[in-house]
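What follows is a set of notes on a single structure, which appears directly below.
The values are calculated or read from the model by the stated rules, or taken from the named source; none is laboratory data. Just so you know, these numbers come straight off a predicted model, no measurement behind them. Every residue, glycine as well, gets a Cβ built from its backbone with ideal geometry; the counts of neighbours run over all protein chains shown. Protein only, heavy atoms only, side chains kept; ligands, DNA and RNA dropped before computing areas. Shrake-Rupley method; radii C 1.70, N 1.55, O 1.52, S 1.80 Å.
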Amino acid sequence: MTNAKRLMAGFPLKAPTRRGDPGPMSSNTASTWRRGYLKLATLDDANYGFVGKKFNAFGEFTLATHEHDRLLVRLDMSTAMWSPISIGLVDGPEPSLPFMAGIVGFASTSQDLTSDSPNYIYLGVSGARTTPSNSAQAGITSFSDVTGIKETAIVRGKLRHIFSHDHDGCFDILWVNGDASKIKAFLGVVDQDGSPIIATGNKEMFEHEFGPTRWVNLSFVRKP
């Protein structure tokens, strides 16, 4: 079974056996959009819940433990197996902001995620597009919509999005710092009211600064 068919069926990817870069996809290639949910699992693969369809008081996506509270999303599966992707929202809380975004945390000291800092981003929504370098930029986000404070976000880059499938069928979060360096961030659900979903470059420093966090993997579960 090809990786494309595996993804469409909701199965994890097989490791690719490539001889080189696949090159850009033809503009005539038909997109294959699939609807589904974003599942959260602990690092030992125990089910932990889903990304919920409601924001907390700060415009952040949170943990949902009941099926009827799950956020419905859509993905273009024709590109998901080899290129970074956008996650489109079907029933998101803010129709004017239709894509999931990584939004710089209000308590972060900069927009950069690094291995020696507790800086973080959280999952929300944004209507902003990135510059060609894809570093974070200020724009209208779910956080700014709720609080009136502008924060920076990456949602749909011309060269790279922040979500990318790994070989196990989970999503990696690839954040682009201000100097164009990239980091694979750790995803977590903070153990506090609202259970916000965040990503950081250093799990231990984040927990020391902000409290206990359940570290998780993110995957796509196709809607029946």
Inset, instruction - Can you tell me the dipole magnitude for region 40-120 around its Cα centre, using point charges on the Cβ only (Lys, Arg +1; Asp, Glu -1), in Debye to the nearest 20? - result: 240
Legend entry - Label-point gap, in nm, between residue 42 and residue 69 - each point 7 angstrom along Cα→Cβ: 1.9
Legend entry - Length released on extending from residue 181 to residue 114, taking residue separation times 0.36 nm less the Cα-Cα span: 23.2 nm
Legend entry - Eligible aspartates and glutamates near residue 53 by straight Cα distance, threshold 14 Å, same-chain separation 8 or greater: 67, 69, 91, 94
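Quick check: residue separation of residue 208 and residue 172 times 0.36 nm, minus the Cα distance between them. What number comes out in nm?
Numbers: separation 36, 0.36 × 36 = 12.96 nm, distance 2.33 nm.
Here the segment from residue 208 to residue 172 would lengthen by 10.6 nm.
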Inset, instruction - Give the ranking of 181, 117 by solvent-accessible surface, highest area first, calculated with a 1.4 Å probe. - result: 181, 117
